[in-house]
Structures are given as C-alpha cells and as structure tokens.
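The values are calculated or read from the model by the stated rules, or taken from the named source; none is laboratory data. This one's a predicted model, so the numbers in the text were calculated from it and none came from an experiment. Note that we place each Cβ from the backbone using ideal geometry, even for glycine, and neighbour counts take in every protein chain shown.
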Amino acid sequence: MQGASLDQPDQIHASDADLVERCLDRRPGAWEELVRRYSALVYSIPRRLGLSQDEAEDVAQSVFASLLTAMESMRDRQTLAKWLITVANRQAWRSIRSRRNSPTPGGDTIDAAEQPDDETPDIAAWERRQTVREALVRLGGRCQELLTALFSDQASPDYQEIGRRLGMPIGSIGPTRNRCLQKIMEVLRGMPGAAAIWADMAGSAGGSGDAGFTERVSGKGPGAT
C-alpha cells in the first residue's frame, strides 16, 4: 500500500484493521498510534489481577512484542482488542504462576492468588471500556479532561478539586458535564460496534448517560472484571 504519512486526526479515526494494515506497511506513526490506543487497556489487565506496576509494564511490553510477530498472520484484524485482551490475560497469569512458584529466601514459595477455574476475561466488558476510552480521545479538549476526571478515578468525584485542577467554576461543572455526555454519545453513535454502548448510555439516568458512562470508563458497575 502506498500513501502519505498519517497525520494526527487520521491516526485517531483509523479503524483497527486499517491501523494494523498501516503498521504492516510501516507507515509513519501507525505503530505509535496502535500502542497509544491500547496501552492503557493492556496495562490495566495485569494490574486488576494484582500485579505490581513493574510487573504490569513487563506484561504490556511482552504483549506488544507478541503483537509485532503476530500481526501479519492475524486473520480478523478488526478483533485486535479481543486478541490483546486474551494475550494480556494469559501473560498476566503466567507471571502470577511464576511468582507463586518462586522460592523465597526462607525456601518457601510465594503464596499468590490461585488461578480461577475459568481464567478467560470478560472480553465484551473490556472491549466496551476500550471503546469509551477511544471515544474520549476522539472527543478531546475540555470534555475529555472533565469526563475523565469525573468518572475514571472515583465513585464520588470532588467537584472542588476538579474545578481547581481544570480551572472551572464549580457551578459550571454540572452543565458542562451534561453537554459533554451528549457530545460523547454522538461520538459513540458514529463508531463501529458502539451502537449498544450508545443505546445503554442514552437509556441510563433518565437519558443523561451518567450511569452507563461510569460503568464503561471505570469498570466499577455491572460487568466489571
């Protein structure tokens, strides 16, 4: 494939299949965009399984290294997120087993959490979370900052702290949040495979979208892993 270098808007809006194709063609910026798009997702999986920051970073590096060698033979490139979730989960459990079987200075083995009988992650929930993350990036600007601050970190956001951090009057946070939720719902409406998320948000909290959005961004609602 021939073509000009990717500019930033083109990178952000490229589909996963198109992005993989551009990586294989060694298009400038393509690999960087792929890593940017999925690094938070890949990193969050080992962290949720209890691995340390350093261990999670090692898992993420291993996953992306595996992707480099697997991309060309990947049959359905639109399922990139599913592939990354599955491999990250597998690599994380491999790290947990290794840590559990590692001898301590006293000669005992580390008693890590036991692997569940079914270690397959809830791929659909992880994919929904990733879709909303990507919608936030496409939204950009003040709305991205505000919605991330409101819904990613905690169940009860501190409006005073958020207002101070973003330079916003406290009284404007609520109305701005509502406008931003409507905007991100429109972004989701135009994203492939995001129709169910859009409908869920539209039906949540009397149409404000707060409940559905919180679940998808933070993973703290039903379906969280």
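Do the conditions hold for ALA4, that is, is it of a type in the set (A, V, I, L, M, F, W, C), surrounded by fewer than 21 Cβ atoms within 10 Å (Cβ to Cβ), more than 22 Å from LEU188 (Cβ to Cβ) and modelled with pLDDT under 90?
Numbers: of a type in the set (A, V, I, L, M, F, W, C): yes; surrounded by fewer than 21 Cβ atoms within 10 Å (Cβ to Cβ): yes; more than 22 Å from LEU188 (Cβ to Cβ): yes; modelled with pLDDT under 90: yes.
Here the answer is yes, as ALA4 does meet what is asked.
Which residues, taken from the stretch 147-172, are surrounded by 20 or more Cβ atoms within 10 Å (Cβ to Cβ) and touching a residue at least 24 places away in the same chain (Cβ under 8 Å)? Before the answer, list the steps.
Going through the stretch 147-172, the residues surrounded by 20 or more Cβ atoms within 10 Å (Cβ to Cβ) turn out to be 147, 149-151.
Across the stretch 147-172, the qualifying residues are LEU147, LEU150, PHE151.
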Failed item in (1) modelled with pLDDT of 90 or more; (2) under 27 Å from HIS13 (Cβ atoms), with GLN53 passing the rest:
(2)
Kindly check whether there is at least one residue in the stretch 57-77 that is touching a Pro at 6+ places or on another chain (Cβ under 6 Å) and buried (at least 17 other Cβ atoms within 10 Å of the Cβ).
yes
